Amino acid sequence: MAAKTCVFLLIAITTCLTTVSQAHSTSSIETTTYQGKWKLLKRSIGVSAMHMALLPNDKIIVFDRTSFGPSNITVPQSKCRIDSATPSSGGSCFAHSVEFDPSNRAVRPLTILTDTWCSSGALSSDGVLVQTGGFQAGERVVRYFKPCSDCDWVENPGGLITSRWYASNQVLPDGRIIVVGGRLEFSYEFIPKTTSEKLHELPFLEETSYSAKVPNNLYPFLHLSPDGNLFVFANDRAILLDYVNNRVIRRFPTMPDGNGVVSRNYPSTGSSALLPITLSQNDGNVLPNAVVLVCGGTASDSNVKASAGEYIPAAKTCGRISITDEKPKWEMEEMPIERVMGDMILLPTGDVLIINGARRGTAGWDVAREPALNPVLYRTGRDAKTRFETLSPSNIPRLYHSTAHLLADGRVLVGGSNPNRNYNFSTVFPTELSLEAFDPPYLDGQSRPLITKMKPETEMRYKQRLSVRFRSEGKESVNGDRVYVTMVAPSFTTHSLAMNQRLLVLDAGKVVRREEGDEYVFDGYAPPTPALAPPGYYLIFVVVDGVPSRGMWVRIK
Ligand SMILES: *[C@@H]1O[C@H](CO)[C@@H](O)[C@H](O)[C@H]1NC(C)=O
Ligand SMILES: *[C@@H]1O[C@H](CO)[C@@H](O)[C@H](O)[C@H]1NC(C)=O
């Protein structure tokens, strides 16, 4: 019975990713020997990258917590803040947020007034970074960062109805942002608000906190389902939430594990990604399949044990579940190495990079050991036996409070790690202020496709015809079957969770060679509905033979 369902699941997944897997089968031979490359971009950006977001101007915004005390960078005198944690100190000129420009590695210090510790965020549909909650004086604050050459954070002190510490965010089809949960907060709310808005209860968050001391269900994993409802995963269970009518539509099976005791959310921090959604023009009637992947985490009592000095191995398991299936079932897989606090980053190809974290222990102050230095590639379109590839190791441990983010050029930016109560450079795992870039195996030096023109150029509407003109330098010819176009939503990453991360494989249009020049044109369609692609900014990539172009920003509305 179970086997039957698995086969069915596999078929469904294979079918939904036909174009992707075609490309992979051809690129596998070229890439198995090259395992990617690390590069140190900056020894110190002055702060530790606990939270990270990418803006449509290609700048990266990083922040940690104002209550960390002195950082390694200061703001100009006029921008010093009153330190709400220690008001008697008369203020602090140490920055706890910076803007980083990956193109020239410039760092610009920013001012945060209230504590952003363990908070959440999302890029709004009009391209403003919206950050929510935090600690103490910051726990109900909503902060806005509007990209421009000289802006800074703008804070709205009463922006949230209740305090949100360890909550998660997702952009919705109507452009609002939903903020879910937080420590001892079993509810959700929206931004922006209507004047009469109240809190919406979500008992599921209380039900999945099996232990009051170690909740193991904070920073719940949120994924927007193709039908517009919200998939919410906490600890080892998941629901589909109709957030408009505050109704749980379905309850998914509990995620299995060998011992039945593994938790996947903070502090037993695993990670999760919505696998690529393949679009077609039939989507008005038939919704595409959506598959959620959850990887890593650790035993539910790992935190208790680590506090007593016993650092037990993290989980090796991943589970994937088709959330659009009539009878969804978890299909379990095993990573090459154990991992807690790993980030899962969707690459432009549709594969998933599992990076950062530790092999033993758990999330929290100084409770992890044995950094998981090797990223692992999860080749989405391959069969379960050959899906995982172990990649080149970094030599910088990235434990608690580390982050990763896809850049427009296809590299992955990696930063942070601070398992210490303050900035502390004399511990076994010192506070990390550096940023590195990881080149995934597709950046092995071979020539990459180059987008030369897009129509529409920067703004598109749902269902609109879309043409992407590209060159494929160094290639005699391009096989249209091995070309696809993906659209990636920039995420807000913290605590191993890339919130709002989403990758769409655009309707497989035809690829033709242009008469003049060595250019090709992909003719396809923009996503059909905002439930499939919430309004906002995305990066568009052309992928040829498994190698992505540089991404081009486009806004859909
Ligand atoms: C602090 O910043 C200075 C100069 O920007 C740099 O030389 C130093 O290495 C940094 N300290 C750490 C611990 O990264
Ligand atoms: C750094 O951590 C060590 C080990 O936990 C501790 O003894 C020391 O006091 C810490 N230093 C600071 C400045 O917090």
Once the Cβ-Cβ distance between residue 244 and residue 553 is put in as r, and R0 is 30 Å, what FRET efficiency do you end up with, to the nearest 0.05? 0.50
Per-residue SASA entry for residue 174, accessible area with 1.4 Å probe, Å² rounded to 10: 90 Å²
Name the residue from 255, 363, 474 whose Cα lies farthest towards the positive end of the charge dipole of the chain, charges +1 on Cβ of Lys and Arg and -1 on Cβ of Asp and Glu. 363
Each residue of the range 228-239 in turn: what ³J(HN,Hα) in whole Hz from Karplus with 6.51, -1.76, 1.60 and θ = phi - 60°, glycine and Pro shown as x? x, 7, 10, 7, 10, 10, 9, 6, 9, 10, 8, 9
Taking θ = phi - 60°, what integer Hz values does the Karplus form 6.51 cos²θ - 1.76 cosθ + 1.60 yield along the range 52-67, in sequence order, with x for Gly and Pro? 8, 9, 10, 9, x, 8, 6, 8, 9, 9, 10, 7, 10, 9, 5, 7
Mind jotting down the three principal axis lengths of the chain based on Cα atoms? Whole angstrom, largest first. 72, 57, 52
Length gained, residue 41-residue 392, 0.36 nm per residue minus C-alpha separation, equals 124.7 nm
Which is farthest toward the positive dipole end of the chain among 246, 133, 175, measuring Cα position about the Cα centre, with Cβ charges +1 (Lys, Arg) and -1 (Asp, Glu)? 133
If you place +1 on the Cβ of every Lys and Arg, -1 on the Cβ of every Asp and Glu, and leave all else neutral, what size is the dipole of the range 395-537 about its Cα centre, to the nearest 20 Debye? 420 debye
Can you work out D for the range 499-557 in µm² s⁻¹ from Stokes-Einstein, where Rh is the Kirkwood radius over C-alpha pairs, the temperature is 37 °C and the viscosity is 0.692 mPa s? 249 µm²/s
Rounded to the nearest 0.05, what FRET efficiency is calculated for residue 325 and residue 150 with R0 set to 51 Å and r the Cβ-Cβ distance? 0.55
Please report, in whole Å, how far the alpha carbons of the range 369-490 spread along each principal axis, starting with the longest. 55, 36, 28
Just from its helices, what would the mean residue ellipticity at 222 nm be for the chain, if runs of 4 or more DSSP H residues each count -39500 (n - 2.57) and the sum is divided by every residue, rounded to the nearest 500 deg cm²/dmol? -2000 deg cm²/dmol
Gain upon complete extension [residue 476, residue 193; 0.36 nm per residue less C-alpha separation]: 96.4 nm
Which percent, to the nearest 5, of DSSP beta bridges fully inside the chain are antiparallel? 95 percent
What number, in percent, do you get for the relative contact order of the range 2-443 if the mean sequence gap of Cα pairs under 8 Å and at least 6 apart is divided by its residue count? 14 percent
With 0.36 nm assigned to each residue of separation and the Cα-Cα distance removed, residue 80 to residue 514 gains 150.6 nm
From the C-alpha gyration tensor of the range 270-392, pull out the three semi-axes of the equivalent ellipsoid (sqrt of 5λ each), sorted largest to smallest, in whole Å. 31, 16, 11
For residue 481, what accessible area in Å² do you get when you roll a 1.4 Å probe over the heavy atoms of the protein chains, rounding to the nearest 10? 100 Å²
Relative contact order (percent) for the range 165-283, with alpha-carbon contacts under 8 angstrom and 6 or more residues of separation? 18 percent
Roughly how big is the chain's charge dipole about its Cα centre, with Cβ charges of +1 (Lys, Arg) and -1 (Asp, Glu), in debye to the nearest 20? 140 debye
Summing +1 per Lys or Arg and -1 per Asp or Glu among the other residues with Cβ less than 12 Å from residue 342's Cβ gives +3
Charge tally for neighbours of residue 163 with beta carbon under 14 Å away, counting Lys, Arg as +1 and Asp, Glu as -1, is -1
Taking the Cα-to-Cβ direction at residue 421 and at residue 261 and moving 7 Å from each Cα, how far apart do the two end points lie in nm? 3.0 nm
Inter-label distance, nm, simple model (7 Å from Cα along the C-beta direction), residue 457/residue 206: 5.5 nm
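The values are calculated or read from the model by the stated rules, or taken from the named source; none is laboratory data. Quick caveat, the model's predicted, so the values are computed rather than measured. Using ideal geometry, Cβ is built from the backbone for each residue, glycine included, and neighbour counts are taken over all protein chains shown. Ligands, DNA and RNA are excluded from the accessible area calculation, which covers all protein heavy atoms including side chains. Shrake-Rupley method; radii C 1.70, N 1.55, O 1.52, S 1.80 Å.
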